[in-house]
Every structure is written in structure tokens, then in C-alpha cells.
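Take a look at the structure set out below.
The values are calculated or read from the model by the stated rules, or taken from the named source; none is laboratory data. Note that this is a predicted model, so its numbers are computed, not measured. As a convention, Cβ positions derive from the backbone with ideal geometry for all residues, glycine included, and neighbour counts pool all protein chains shown.
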Amino acid sequence: MDPESIDAVVEAHGLRTEEDAEKRRKTVSQRNISRGTEVLSTVPLYAFPLRANEGSNVQVETEEVLAETRCMYCFGQLPVRRPRCSQCRQAQYCSTKCLSQHWTQRHHSECGTLNYVAIDTAAGKLKPEYRPLLRMAAGLTQALVAGKQHRQIQAWARLVSHRDQHPAYVLRQYAEIASVLSTHAKAIGLPSIDKDATVTMLCRAGCNNFMAPVIEDNVLCTNGVVCSPLLSLLFNHSCRPNCVISYSDGRLSLRAIENIEAGQELTIAYADAMLPRTARRERLENVYFFACTCAKCGNTDCGRIDQLMDRESPQPPKQLSADLTQLPEIAPWVSCAIGLLLHCISGTVTSAQVEKECLCAISDLPSREMSFAAFGYWRERQDECRGSDDGNARLWACAASQYVLAFYALNYPPSHPMLGLQCLTTAALSWNALVACGPTEPQCKALALTRSRITSLAHAARSLLQVSSLHCSSVVSQVTLLLDQLDQESQS
């Protein structure tokens with residue numbers, strides 16, 4: 001077997017690919033994989049950070065091509081004094097470490113070839129939402145011509161473009177991007193562009209790229225676009241995945257967030273589980289061109305929870321008072337869901353038990369209490385009140401964060417990184433409320449604000465973020481500081 005082949009990579013990592021009548025192919029494990037294990041790590045074929053006003057999910061205040069504000073390697077915020085590549089003087093980094101590592105991994109093959117200033121000039125000819133596609137097309141063209149990442153290029157050749165299934169308006173957009181790229185190809189440093197082939201490339205990239213998940217301000221953000229044909233080819237979607245992808249040190253890493261048995265398929269999520277079922281299906285069918293039949297989309301406990309969540313609700317939850325002086329209430333199902341989550345993380349109950357008992361707790365709730373609309377109301381209240389110095393607002397932020405965590409517990413696998421981040425948020429807001437009001441106050445008792453519960457949430461946050469390898473230094477520091485404060489309080 002060729003050691004550079006995809007099959008060799010799969011075999012070396014204890015995996016194998018199988019044909020599948022529904023999915024065409026799938027990747028299964030040949031061994032038992034423990035939760036938190038890194039299954040596979042790879043350097044992407046191409047990756048780049050997003051500009052502040054570019055992409056399809058941003059509010060555009062200006063259509064100017066804004067200056068780069070993120071590191072070319074880790075996608076973190078650039079400091080005022082930023083190292084640049086000494087050769088091209090265009091690639092910018094947050095540190096000399098990132099500069100050195102990016103050069104070793106990929107930039108040495110791009111430097112002197114890709115002219116980033118010329119790419120910006122070409123991008124300025126397009127609307128901001130289309131510019132990332134032009135940047136990706138330029139980078140992919142260069143990477144494929146260079147031909148240095150053999151496994152990624154092999155995987156790229158096997159990916160399906162679904163060009164014949166793309167709507168006509170999307171193909172027209174891609175044709176416009178291809179035309180602009182062709183016009184500026186020489187200045188960018190690319191060979192002559194085949195416009196039709198570029199349209200096919202964009203179709204293929206559009207339904208196979210990843211958004212790079214990184215933590216920023218305790219929120220899981222997507223600050224960059226990553227093309228890794230190898231991961232796209234090997235791992236199918238599930239709305240309830242057993243693996244997650246993280247981006248760190250210029251590499252995409254696939255980690256197990258559940259124990260995976262030999263013979264079991266490894267899956268990732270192409271769409272966020274906190275999207276309503278209707279919207280999730282629409283995205284999967286319109287962007288990735290398949291209908292999902294996973295457990296969450298079927299007649300299972302997690303599927304029935306998903307159905308309950310996918311309801312319209314014009315009214316806010318009855319516990320969500322507009323008067324912040326009114327004591328917030330924690331519904332029984334919220335306490336139940338959080339308690340089950342903490343027990344699952346500690347290993348005393350299974351994820352199947354969590355789903356079954358949560359379903360029993362929410363089955364009779366009206367849509368105003370149990371729906372994605374209700375979740376949206378509680379998340380807005382959390383974000384509205386979390387930075388306030390007002391005592392009542394602190395209590396409401398604490399209450400709202402518990403609702404958000406409970407909704408996450410209903411919809412994400414128990415070891416998902418979003419649960420880890422929300423456990424930290426809930427622990428921090430609960431500690432703020434406890435310090436502000438005092439442990440003997442009736443408000444704190446009503447919200448179950450105890451040192452032991454907050455400690456459990458902080459430990460859960462640390463555990464979950466270690467599992468997914470998204471434990472960035474700032475988050476680790478926050479968890480450590482919070483646990484130190486709790487320990488000091490218990491000794492005083």
C-alpha cells in the first residue's frame with residue numbers, strides 16, 4: 001500500500017472506509033476509541049482568516065475591502081505591532097511563533113507566488129459576501145498547482161461537486177467570481193484560469209469546506225475558512241455527532257466526544273444542532289445536497305426532543321418577566337436537565353438516560369416554554385444582563401444562563417464543547433450573583449446558587465473543554481481562577 005495514499009492514512013489511524021447504500025461511503029473505527037481521544041489531525045490544503053465585513057452571516061456596514069485584522073495562521077486578533085513574513089511582507093501574524101509555524105507548514109509554498117494585495121484588489125470587485133469564495137478559489141488554485149499535499153489533493157479529486165444540483169443563481173455568482181479571478185490571475189500570481197473549471201471548484205469547495213472553530217471571549221466563533229478535503233471525504237454528517245473538529249496551531253483535529261466502539265461510524269456535524277429541525281434540514285439539503293436520517297432526525301428520544309423544539313412560539317416564556325425587580329424562577333425541567341448533565345459528565349448516568357429522562361420532563365410543556373423560540377428569548381436575556389452591575393440584573397443573568405445550559409443539554413451530545421463553554425458561563429454568572437447577594441438571600445436559594453453547584457459546573461467546563469481540545473489559555477485561566485475563588489471562600 002502506498003504510504004502516501006488515503007487508505008494508508010485511514011489504516012494507520014485505526015479506521016477503515018466502507019461502502020454504504022445511503023451515504024455512498026462511511027468511515028468506521030477498527031478499535032474502541034475513548035471519549036477525548038484525538039482520532040486524526042491534518043494540515044489543511046488551504047486556510048485563511050475572515051475579514052470583519054466578509055461572508056454570508058455578517059452585518060455589512062461598509063463594502064470597502066477592510067485591512068486584515070486576524071493572524072494568517074491561528075486566526076486570532078492581530079496586535080498593534082505584528083510580525084510579517086520577511087519575504088513577501090504581506091502575510092501578518094500575532095506572534096513570531098505563528099509566523100515560523102505557518103512558514104514551515106504551508107506559507108513557504110505560497111510566499112512569492114500568491115500576491116495578497118492583488119487578491120484584495122480583485123476582491124474589491126465583488127460584494128463582501130462573495131469575497132471569501134474568491135480568496136478560497138485563489139488559494140486552492142495555487143495549492144493544487146503546487147501539488148505538495150498529496151493526500152489532500154487525492155481526497156480533493158474524490159469529492160463530489162454537486163454542480164448539477166446547485167441553483168442557477170448560485171452558479172451565476174460562481175461564474176462572476178471565476179471571471180474576476182481570471183481577470184486578475186496574473187497579478188495574483190496564478191496561471192491562466194479556466195473559468196468553467198473554477199465554477200466546478202467553487203461548487204466542490206462550497207459543500208466541503210469547514211469554518212474554523214476557535215474560542216474568543218468565551219464564545220465558539222468561526223473566524224476563518226478551512227479546506228481539508230481529507231476530513232470532508234472521510235467523515236459524514238450527523239445532527240448528533242460522536243466527534244468534533246477543532247482548529248489549533250494550523251491543524252484541523254478530529255476528536256471523539258463519546259466512547260466509540262469498534263465497527264461504529266465516526267460522524268461530525270455539518271449544521272449546528274441548535275438550529276430548528278426545519279432550518280437544519282433546509283441547510284443540509286440546499287448546501288450539502290442530502291436528506292439527513294440520523295437519530296436526531298428520527299423517532300428516537302433525542303429525535304422527539306428535536307420535534308418538540310421545532311415549534312413556533314410568538315409569546316415569550318411565562319417565567320421571563322420584563323420587570324427585572326421580579327424574582328426569576330427556575331422551572332423544574334431546567335434543574336432536571338442540568339442535574340442529569342452533571343451526572344453524565346461524572347459518569348454516573350449514560351447519555352441515553354439523559355435523553356430519556358429529559359424527554360419525560362419536557363413532554364407536556366407548551367411551545368412558549370419548550371421551543372427554539374423560547375431558547376432565543378433566554379439567550380437574549382443572558383446576553384442583555386451578563387455585564388451589568390445591578391444586583392437584579394445579575395440574578396436574571398444567572399437564571400437565564402441556566403435556561404441556556406438546559407436547552408444545550410437537550411440538544412447537544414453531553415460532551416460537546418458548547419456545553420463546556422456554557423457550563424463556564426453559568427458558573428461565572430452564578431458566582432457573581434452569589435457574591436453580590438450572599439448565600440443566605442432567598443433569591444440565591446431560589447436559583448440553587450450554592451458553592452457546591454458552582455464548583456460542579458466549573459469542573460464540568462474544564463472536563464468538557466479538555467475532551468474537545470478547545471481549552472484555550474484564557475478559558476483555562478478563567479476556570480482555574482473561579483475554582484481558586486470558590487476554594488478560598490470555602491476556607492474563610
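Overview of results
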read-out	value
1 or more residues of a type in the set (Phe, Trp, Tyr): qualifying helices (runs of 4 or more DSSP H) within the stretch 159-249	168-183
Number of the condition not met by Asn286 [criteria: (1) in a helix (DSSP H, G or I); (2) within 27 Å of Gln149 (Cβ to Cβ)]	(2)
Any hit, the stretch 52-74, residues being in contact with an Asp or Glu (Cβ under 8 Å, 6 or more places away or on another chain), assigned by TED's automatic domain parsing to the domain that holds Arg151, in a loop (DSSP other than H, G, I, E, B) and of a type in the set (D, E, K, R)	yes
Lone unmet requirement of (1) assigned to a helix (DSSP H, G or I); (2) more than 22 Å from the chain's Cα centre (by Cα); (3) crowded, with 18+ Cβ neighbours inside 10 Å; (4) of a type outside the set (A, V, I, L, M) for Phe375	(2)
Which listed residue is crowded, with 20+ Cβ neighbours inside 10 Å, on the phi < 0 side of the Ramachandran plot and assigned to a loop (DSSP other than H, G, I, E, B), from Pro328, Pro316	Pro328
Residues located in the stretch 270-286, provided they are closer than 19 Å to Ser161 by Cα and under 17 Å from the mean Cα position of the chain (by Cα)	Tyr270, Ala271, Arg283, Leu284
Conditions (1) on the phi > 0 side of the Ramachandran plot; (2) surrounded by 14 or more Cβ atoms within 10 Å (Cβ to Cβ); number of the one not met by Leu133	(1)
In the stretch 331-348, residue surrounded by the most Cβ atoms within 10 Å (Cβ to Cβ) [restricted to those that are aliphatic (A, V, I, L, M) and at pLDDT 95 or above]	Leu341
Residue within the stretch 388-401 that is crowded, with 24+ Cβ neighbours inside 10 Å and within 21 Å of Asp272 (Cβ to Cβ) present	yes
Qualifying residue in the stretch 432-453 (condition: within 22 Å of the chain's Cα centre (by Cα), of a type in the set (Val, Ile, Thr), in the same structural domain as Gln485 (by TED's automatic domain parsing) and farther than 19 Å from Lys296 by Cβ)	no
Test: residue in the stretch 243-262 that is under 14 Å from the mean Cα position of the chain (by Cα) and over 29 Å from Gln101 (Cα atoms)	no
Every residue from the stretch 217-242 that is surrounded by fewer than 20 Cβ atoms within 10 Å (Cβ to Cβ), touching a residue at least 12 places away in the same chain (Cβ under 8 Å), farther than 30 Å from Asn299 by Cβ and more than 12 Å from the chain's Cα centre (by Cα)	Asn218
